[in-house]
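Take a look at the structure set out below.
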Amino acid sequence: MVDLVSGAEFDRLFRTFRDTAFRLETQGVYREPVEDEPLRRFLNGEPPDDSWLAPWTDNVRAATSEGRKFQRVRVLTEPLTDYLRFEMDLALRANLPAGEEIRSLSMSKAESLGLPIGTDFWMFDDDRVGVMHFGERGMLGLEMITDVTEIERYRQWRDRAWSAAAPAEEWAVLVR
């Protein structure tokens, strides 16, 4: 069994990185229990209540005010899943205003770039990688990668994804 970072140790990674926290998201649906009600509201056309996301966006604001960056590339299914439409709408309302930089690219483009479809990860400061493990009801934790050769492979995936992905100004039209 792989040791997974979760809970307070997971949260600490997002408060202690020096420069950049980068995430690659490659799945069309995530099953986080905290998102059940917000997703239901979105799908029913009800007004959003993003208070559940406040701990995250507060941390992003604090980090970005110190000059640190949160970056993410979201791989989009073709066609978009309802969940991805929800996530993109949420990003426009909450994540981007908090200071995250979010880009997106199509699944076919991600595949052509050789990105690890089905593998989500966080990279902290160019030298720490946490591969995300999921269960039926959300993320179980991060498997921390320590091998420098492996970390270099994740760096290459990050760089390819970031340079090929479209910024929010281009993908926002998909959810409006």
So if I take the centroid of the Cα atoms in the range 1-53 and the same for the range 114-175, what is the distance between those two points in Å?
14 Å
One quarter of the convex hull surface, Cα atoms only: what value does that give for the range 1-145 in nm²?
9.0 nm²
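Compute, for the chain, the length of the dipole vector about the Cα centre, with Cβ point charges of +1 (Lys, Arg) and -1 (Asp, Glu) only. Units Debye, rounded to 20.
Dipole magnitude for the chain comes out near 340 debye.
What is the fewest-to-most order of L174, L105 by other Cβ atoms lying within 10 Å of their Cβ? All intermediate terms of the calculation are to be shown ahead of the outcome.
Numbers: L174 15, L105 21.
With the fewest neighbours first, L174, L105 line up as L174, L105.
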The farthest towards the positive end of the charge dipole of the chain, of the residues L84, P38, A164, given +1 on Cβ of Lys and Arg and -1 on Cβ of Asp and Glu, is A164
What residues have an amide H closer than 5 Å to that of G141, excluding those fewer than 5 places away on the same chain, when H is modeled at 1.01 Å from N in the peptide plane?
H133
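No value in this document is a laboratory result; all are computed from the given coordinates. Predicted model only: the values in this text are computed from it and were never measured. When we count neighbours, we look across all protein chains shown, and the Cβ atoms used for this are built from the backbone with ideal geometry, even at glycine.
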